[in-house]
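Read the structure below first, then the notes.
The values are calculated or read from the model by the stated rules, or taken from the named source; none is laboratory data. Computed from a predicted structure; not experimentally measured. Positions of Cβ are generated from backbone atoms using ideal geometry, with glycine treated the same way; all protein chains shown enter the neighbour counts. Just the protein is used for accessible areas: all its heavy atoms, side chains included, with ligands, DNA and RNA removed. Shrake-Rupley method; radii C 1.70, N 1.55, O 1.52, S 1.80 Å.
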Amino acid sequence: MDSIFSAARFIGYSYHTHDVPDEIRSATLSYLELTYVIDGQMTYFLDGEELTLTSGDAIVIPQGHTRYRPEHTEEVYYASFNIMMDGEVEARLSGVINNAVRSDTVLMLESADKSVRSVSHNRQERIVAIFLYLYHQLLDHSVDRENEHIKKIKKYVLKHICEDVSLDEI
């Protein structure tokens with residue numbers, strides 16, 4: 001974590017409680033973008049592929065990828081981090097992560113917003129720490145997106161943890 005922490009540099013953060021998102025022109029990112037949709041719906045294009053985010057979703061766009069967001073007509077509650085990662089650190093997530101908002105996510109996003117507006121000498125470090133906490137939370141969440149058969153096997157094994165289990169039963 002220390003090497004990742006030292007490799008991350010705050011570029012920007014935006015927090016929108018209920019705004020109509022403007023268009024973001026197509027560009028290849030020189031930073032990593034992480035956007036959470038708390039309430040509403042947003043459309044992005046990641047390397048030309050159209051992706052729709054709904055309430056509770058997040059999108060991770062690694063540096064070096066092309067992102068475009070068309071103008072929207074509906075209000076959306078969302079927050080975005082822009083973080084520069086050292087060239088040696090590779091993003092392990094990319095694209096839409098469904099159901100990414102947990103009970104503490106909104107509190108962390110509000111805390112990041114307060115940090116951005118503060119005049120504290122260590123505000124950037126606090127924002128990067130919040131970003132890294134949320135990013136690692138998404139990494140943990142992405143493990144849950146594994147193959148449905150593997151999920152069923154794990155569920156069965158956990159349910160019968162105190163019993164002898166054979167592969168035939170699974």
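Filter segment 116-125 down to residues that are under 22 Å from Tyr77 (Cα atoms) and without any contact (Cβ under 8 Å) to a residue 24 or more places away in the chain and give me whichever is most open to solvent (accessible area, probe 1.4 Å).
Out of the qualifying residues, it is Arg117.
Among the residues that make up segment 47-57, is at least one of them closer than 26 Å to Ser118 by Cα and either in contact (Cβ under 8 Å) with a residue 24 or more places away in the chain or assigned to a loop (DSSP other than H, G, I, E, B) (or both)?
Applying the first criterion (closer than 26 Å to Ser118 by Cα) to segment 47-57 yields none.
No, because not a single residue in segment 47-57 is closer than 26 Å to Ser118 by Cα and either in contact (Cβ under 8 Å) with a residue 24 or more places away in the chain or assigned to a loop (DSSP other than H, G, I, E, B) (or both).
Do you know which residues across segment 51-65 are of a type outside the set (S, T, N, Q) and either crowded, with 20+ Cβ neighbours inside 10 Å or in contact with a Gly (Cβ under 9 Å, 6 or more places away or on another chain) (or both)?
Leu51, Leu53, Asp57, Ala58, Ile59, Val60, Ile61
When only residues in segment 66-75 that are open to solvent by 60 Å² or more (accessible area, probe 1.4 Å) and in a loop (DSSP other than H, G, I, E, B) count, which is farthest from Phe131 (Cα to Cα)?
Thr73
For Ser111, indicate whether it is of a type in the set (Ser, Thr, Tyr), out of contact with any His (no Cβ under 9 Å at 6 or more places or on another chain) and either at pLDDT below 80 or not in a helix (DSSP H, G or I) (or both).
For Ser111, the condition - of a type in the set (Ser, Thr, Tyr), out of contact with any His (no Cβ under 9 Å at 6 or more places or on another chain) and either at pLDDT below 80 or not in a helix (DSSP H, G or I) (or both) - is not met.
List every residue pair whose Cβ atoms sit under 9 Å apart, with the two residues 6 or more apart in sequence or on different chains, where the first one lies in segment 131-142 and is closer than 20 Å to Tyr15 by Cα and the second, anywhere, is open to solvent by less than 40 Å² (accessible area, probe 1.4 Å) and of a type in the set (Val, Ile, Thr).
Phe131/Ile83; Leu132/Ile83; Leu134/Thr105; Tyr135/Val60; Tyr135/Ile83; Gln137/Thr105; Leu138/Val60; Leu138/Ile97
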